[in-house]
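Q: So that we are looking at the same thing, I have put the structure below in structure tokens.
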Amino acid sequence: MSEGRTDQIESAGNGTVETINTEGVAPVVLVCEHASKFIPEDLNGLGLSVEAANSHAAWDPGALAVATLLSTRLNAPLVAQRVSRLVYDCNRPPEAPSAMPVKSEIYEIPGNVSLSDEQKQDRVTRFYRPFQSAVRQVIDAKQASGQQPVLITIHSFTPVYNGQRRAVEVGVLHDSDTRFADALLEALCPSERYDIQRNEPYGPEDGVTHTLVDQAQSRGLLNVMIEIRNDLIAQDADQKQIAKLLGEAILQALPQFSKETSASEAQVTRKARAKK
């Protein structure tokens, strides 16, 4: 398989999740939970206005582009959800109200109002479970090959939220396991171009670390969530610049955890650097 090839995860069945670069050899698994604004036809657009359906509430603009660039730079597999987070937010467990929100920032979501238990369970079955399974399959494959991969999730956020402008430009987020976030922040510190902060503009108290905890921390795997302000990754050149910065920082941090990832990690890092 050539690097960058996209393959449908068989367990998804309905085409709502995919993997990119499934044979990437780096001790890393990339995830993009909010990669798409697509709403299946049978959900009638969730009753959204055109503005809401294309807004940051529906997806994370630029996140998939950066995640795909990182997948190539690191030679790591990437799992991406292909349905709007307003249909189901795959970074939330089924019991969370924000999994199928009735309102997101300033936008009402009519198609999520008064959902029956059966309708909610249908979305869990159609969208959340296949996504979970896809991530688990990729991690399982890494572990079967002798690696304990670092799980890295890629997100973007709006520069203005509820009327408040955000100064932070890149956030490095974690739950109780701070190991890789600490190392990544240290690697990013020399950057003077961006305002980079820990657990901003969100933190675990906002319920945003579900994937990290469920898929990585529960297994003792290193993990981190990266948030990028979406006005900084609206253009191809900007996406490449951010991906380069993050890729370099990840490659700098990885060797500190060779025992936690795999004995061959140093070789993988050298190969990744050689491809640039």
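The values are calculated or read from the model by the stated rules, or taken from the named source; none is laboratory data. Bear in mind that the values here come from a model prediction, so they are computed numbers and not experimental data. Cβ coordinates were reconstructed from backbone atoms using ideal geometry, including for glycine residues, and neighbour counts include every protein chain displayed.
Q: Within segment 196-236, how many residues are farther than 18 Å from residue 167 by Cβ, in a loop (DSSP other than H, G, I, E, B) and of a type in the set (Val, Ile, Thr)?
A: Matching residues across segment 196-236 total 2.
Q: Just the residues that are free of Cβ contacts under 8 Å to residues at least 60 places away in the same chain, among the aliphatic types (A, V, I, L, M) and buried (at least 17 other Cβ atoms within 10 Å of the Cβ), please, taken from segment 97-123.
A: Result: 99, 100.
Q: Just a yes or no: is a residue in segment 138-147 touching a residue at least 60 places away in the same chain (Cβ under 8 Å), surrounded by 17 or more Cβ atoms within 10 Å (Cβ to Cβ) and within 17 Å of the chain's Cα centre (by Cα)?
A: Yes, segment 138-147 has at least one match.
Q: So in segment 155-206, with the set limited to residues that are exposed (fewer than 13 other Cβ atoms within 10 Å of the Cβ), under 13 Å from residue 245 (Cβ atoms) and of a type outside the set (A, V, I, L, M, F, W, C), which one is modelled with the highest pLDDT?
A: 193
Results for (1) in a loop (DSSP other than H, G, I, E, B); (2) of a type outside the set (Val, Ile, Thr), shown as yes or no for each residue.
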position: 120; (1), (2): no, yes
position: 123; (1), (2): no, yes
position: 126; (1), (2): no, yes
position: 147; (1), (2): yes, yes
position: 152; (1), (2): no, no
position: 156; (1), (2): no, yes
position: 177; (1), (2): yes, yes
position: 180; (1), (2): no, yes
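Q: Looking at this structure, is residue 155 in contact (Cβ under 8 Å) with a residue 60 or more places away in the chain and in contact with a helix residue (DSSP H, G or I) (Cβ under 8 Å, 6 or more places away or on another chain)?
A: Spelling it out, residue 155 is indeed in contact (Cβ under 8 Å) with a residue 60 or more places away in the chain and in contact with a helix residue (DSSP H, G or I) (Cβ under 8 Å, 6 or more places away or on another chain).
Q: Of these, 65, 80, 76, which one is under 29 Å from residue 243 (Cα atoms), in contact with a helix residue (DSSP H, G or I) (Cβ under 8 Å, 6 or more places away or on another chain) and in a loop (DSSP other than H, G, I, E, B)?
A: 76
Q: Further question on the same structure: I'm trying to understand the selection: among the residues of segment 29-62, which are in contact with a Leu (Cβ under 9 Å, 6 or more places away or on another chain), outside any loop (DSSP other than H, G, I, E, B) and within 22 Å of residue 233 (Cα to Cα)?
A: 29, 30, 31, 32, 52, 53
Q: Do we find that residue 94 is surrounded by fewer than 22 Cβ atoms within 10 Å (Cβ to Cβ), in contact with a helix residue (DSSP H, G or I) (Cβ under 8 Å, 6 or more places away or on another chain), part of a loop (DSSP other than H, G, I, E, B) and without any contact (Cβ under 8 Å) to a residue 60 or more places away in the chain in this structure?
A: It is true that residue 94 is surrounded by fewer than 22 Cβ atoms within 10 Å (Cβ to Cβ), in contact with a helix residue (DSSP H, G or I) (Cβ under 8 Å, 6 or more places away or on another chain), part of a loop (DSSP other than H, G, I, E, B) and without any contact (Cβ under 8 Å) to a residue 60 or more places away in the chain.
Q: Just to be sure I understand the filter: pairs with C-beta atoms under 8 Å, separated by 6 or more residues or on different chains, first member in segment 33-54 and on the phi > 0 side of the Ramachandran plot, second member crowded, with 17+ Cβ neighbours inside 10 Å and not in a loop (DSSP other than H, G, I, E, B). Which pairs pass?
A: So the pair list comes out as 44/111; 45/53; 45/111; 46/53; 46/111; 46/112; 47/111.
Q: Quick check on my filter: what residues within segment 212-230 are among the polar types (S, T, N, Q), under 25 Å from residue 140 (Cα atoms) and surrounded by fewer than 23 Cβ atoms within 10 Å (Cβ to Cβ)? Outline the logic, then answer.
A: Filtering segment 212-230 for residues among the polar types (S, T, N, Q) gives 215, 217-218, 223, 230.
Now narrow it down to the ones that are under 25 Å from residue 140 (Cα atoms): 215, 217-218, 223.
Selection gives 215, 217, 218.
Q: Still on this structure, please answer the following. When segment 56-75 is examined, which residues are found to be within 22 Å of residue 255 (Cα to Cα) and without any contact (Cβ under 8 Å) to a residue 60 or more places away in the chain?
A: None - no residue of segment 56-75 is within 22 Å of residue 255 (Cα to Cα) and without any contact (Cβ under 8 Å) to a residue 60 or more places away in the chain, so the list stays empty.
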